[in-house]
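Q: I have a structure I would like to understand better, so I am pasting it below and will then ask my questions one at a time.
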Amino acid sequence: MAAAAAEAVLRAVTTNLSVNAYAGKSALITGGSSGIGLALAKQLAGAGAHVAILARDPAKLERACQEIRAARRSDDQRVEALSVDVASHASVMQTLAAYPAPDYLFNSAGVAHPGLFQDLEIEIFRWMMDVNYFGTLHVIQALLPGMLARGSGHIINFSSIAGFQGIYGYSAYSPSKFAVRGLSDVLRAELKPHHIRLSVVFPPDTQTPQLEYENQFKPEVLKILDRMNKVMRPEEVARIVLRDAARGVYLITPGFDSTLFFHLHNLLGPLSYRVMDLMLWDAHRKAQAAAKNQGSK
């Protein structure tokens with residue numbers, strides 16, 4: 001009951017903020033056909049925003065648009081789909097160079113493929129950087145001139161807990177999300193004089209099709225570490241992101257796990273690695289015990 005009441009309060013606060021911040025505004029969301037991106041799109045539509053979603057699959061985009069239109073406050077709100085591969089600079093520039101700069105840009109497109117470093121092909125590392133880092137950079141590069149000319153805008157980039165803390169099994173994914181954090185820090189400083197805001201989001205594990213894909217490839221030690229995490233729903237993450245973005249928060253950490261690990265990492269400094277070592281040692285011990293028990297059957 002307490003959890004339900006807290007969520008109801010959060011929903012009410014977020015709704016009030018969203019109505020004030022997003023009503024009548026335009027938003028473009030990469031990765032908007034599923035997961036957190038789709039949840040953002042539907043909540044923005046519910047707050048009265050004009051919404052454009054960007055992803056690769058036209059069929060998924062059309063289904064997502066139907067859900068977004070159903071969530072609108074008014075039939076006058078525009079809902080648009082753009083089929084683009086963010087990893088392709090040429091494709092992004094061709095589609096977005098002449099596109100009107102939105103008031104809000106949410107860079108939520110991303111992919112992850114876990115595995116031990118020695119087991120991953122070089123193509124996996126390049127794929128992570130191409131989509132997660134360069135995909136974010138490409139879209140900003142295409143839309144930033146319009147924001148600069150207008151003298152306003154808000155860019156919300158999606159990193160990850162793995163973007164400030166190296167996570168076992170994510171040697172391909174984690175560096176790409178560290179890069180998003182670094183890009184966001186620099187752009188925050190450079191664009192502030194032009195009245196363009198930046199936010200960077202560090203979501204925890206979220207129940208999305210992407211997480212289902214990742215679970216197929218996770219090493220056993222990572223699976224054991226994951227048992228300590230609370231998986232959030234994309235709707236929860238989206239509400240917190242919209243609430244904090246409306247407040248002008250730069251570092252957005254949705255949920256208890258993200259907030260806890262972020263502050264521990266920054267407050268403890270080098271000691272945070274000791275904490276991670278203890279967690280890893282325990283996970284390795286459990287994985288070895290499980291393998292031994294499986295072998296004796």
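The values are calculated or read from the model by the stated rules, or taken from the named source; none is laboratory data. Just so it is clear, the model here is predicted, and its values are computed rather than measured. Reconstructed Cβ throughout: ideal geometry from the backbone, glycine too, with neighbour counts over all protein chains shown.
Q: Considering the stretch 52-85 alone, what residues qualify as being closer than 25 Å to residue 130 by Cα, of a type in the set (A, V, I, L, M, F, W, C) and either surrounded by 15 or more Cβ atoms within 10 Å (Cβ to Cβ) or touching a residue at least 40 places away in the same chain (Cβ under 8 Å) (or both)?
A: Listed by number, the residues that qualify are 52, 53, 54, 55, 61, 64, 81, 82, 84.
Q: Which of (1) hydrophobic (A, V, I, L, M, F, W, C); (2) surrounded by 15 or more Cβ atoms within 10 Å (Cβ to Cβ); (3) part of a helix (DSSP H, G or I) is the odd one out, the single condition residue 101 does not satisfy?
A: (3)
Q: Count, please, the residues in the stretch 237-260 that happen to be buried (at least 21 other Cβ atoms within 10 Å of the Cβ), in contact with a Ser or Thr (Cβ under 8 Å, 6 or more places away or on another chain) and either not aliphatic (A, V, I, L, M) or not in a helix (DSSP H, G or I) (or both).
A: Final tally of qualifying residues: 4.
Q: In the stretch 146-180, what residues are surrounded by 24 or more Cβ atoms within 10 Å (Cβ to Cβ), over 11 Å from the mean Cα position of the chain (by Cα) and of a type in the set (A, V, I, L, M)?
A: Once the filter is applied, which keeps residues that are surrounded by 24 or more Cβ atoms within 10 Å (Cβ to Cβ), over 11 Å from the mean Cα position of the chain (by Cα) and of a type in the set (A, V, I, L, M), the stretch 146-180 yields 155, 172.
Q: Just for the stretch 43-79: of the residues that are hydrophobic (A, V, I, L, M, F, W, C) and assigned to a loop (DSSP other than H, G, I, E, B), which one is nearest to residue 244 (Cα to Cα)?
A: Filtering the stretch 43-79 down to residues hydrophobic (A, V, I, L, M, F, W, C) leaves 44-45, 47, 49, 51-55, 59, 61, 64-65, 68, 70-71, 79.
Now narrow it down to the ones that are assigned to a loop (DSSP other than H, G, I, E, B): 47, 49.
Values: 47: 15, 49: 17 Å.
Checked the stretch 43-79; the qualifying residue nearest to residue 244 (Cα to Cα) is 47.
Q: Do the conditions hold for residue 166, that is, is it at pLDDT below 95 and of a type outside the set (Phe, Trp, Tyr)?
A: Details: at pLDDT below 95: yes; of a type outside the set (Phe, Trp, Tyr): yes.
Yes; evaluated as a whole, the condition is true for this residue.
Q: Condition first: within 29 Å of residue 193 (Cβ to Cβ) and crowded, with 18+ Cβ neighbours inside 10 Å. Now tell me which residues in the stretch 126-145 satisfy that.
A: First, pick out the residues of the stretch 126-145 that are within 29 Å of residue 193 (Cβ to Cβ): 132-145.
Scanning the stretch 126-145 gives 132, 133, 134, 135, 136, 137, 138, 139, 140, 142, 143, 144.
Q: List every residue pair whose Cβ atoms lie under 8 Å apart, where the two residues are 6 or more positions apart in sequence or sit on different chains, the first residue falls within the stretch 261-272 and is farther than 20 Å from residue 230 by Cβ, and the second residue, located anywhere, is assigned to a helix (DSSP H, G or I) and not charged (D, E, K, R).
A: Pairs found: 268/275.
Q: Across the stretch 181-203, what is the total count of residues that are within 12 Å of the chain's Cα centre (by Cα) and either modelled with pLDDT under 95 or assigned to a helix (DSSP H, G or I) (or both)? Let's see the steps before the verdict.
A: Narrowing the stretch 181-203 to residues within 12 Å of the chain's Cα centre (by Cα): 181, 199-203.
Then keep just the ones that are either modelled with pLDDT under 95 or assigned to a helix (DSSP H, G or I) (or both); that gives 181.
Of the residues in the stretch 181-203, 1 are within 12 Å of the chain's Cα centre (by Cα) and either modelled with pLDDT under 95 or assigned to a helix (DSSP H, G or I) (or both).
Q: Looking at the stretch 265-287, can you tell me whether even one residue there is outside any loop (DSSP other than H, G, I, E, B) and either under 18 Å from the mean Cα position of the chain (by Cα) or under 30 Å from residue 104 (Cα atoms) (or both)? Give the steps one after another, and end with the answer.
A: We begin by selecting, within the stretch 265-287, every residue outside any loop (DSSP other than H, G, I, E, B); these are 265-268, 271-287.
Retained after the next criterion (residues that are either under 18 Å from the mean Cα position of the chain (by Cα) or under 30 Å from residue 104 (Cα atoms) (or both)): 265-266.
Checking the stretch 265-287: at least one residue is outside any loop (DSSP other than H, G, I, E, B) and either under 18 Å from the mean Cα position of the chain (by Cα) or under 30 Å from residue 104 (Cα atoms) (or both).
Listed here are the residues, each with its yes/no results for (1) of a type in the set (Phe, Trp, Tyr); (2) more than 14 Å from residue 106 (Cα to Cα); (3) without any contact (Cβ under 8 Å) to a residue 24 or more places away in the chain.
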site: 138; (1), (2), (3): no, no, no
site: 144; (1), (2), (3): no, no, no
site: 148; (1), (2), (3): no, yes, no
site: 171; (1), (2), (3): no, yes, no
site: 175; (1), (2), (3): no, yes, no
site: 178; (1), (2), (3): yes, yes, yes
site: 183; (1), (2), (3): no, yes, no
site: 202; (1), (2), (3): yes, no, no
site: 221; (1), (2), (3): no, yes, no
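Q: Could you list all residues from the stretch 26-42 that are under 15 Å from residue 156 (Cα atoms) and either among the acidic types (Asp, Glu) or in a loop (DSSP other than H, G, I, E, B) (or both)?
A: Across the stretch 26-42, the qualifying residues are 31, 32.
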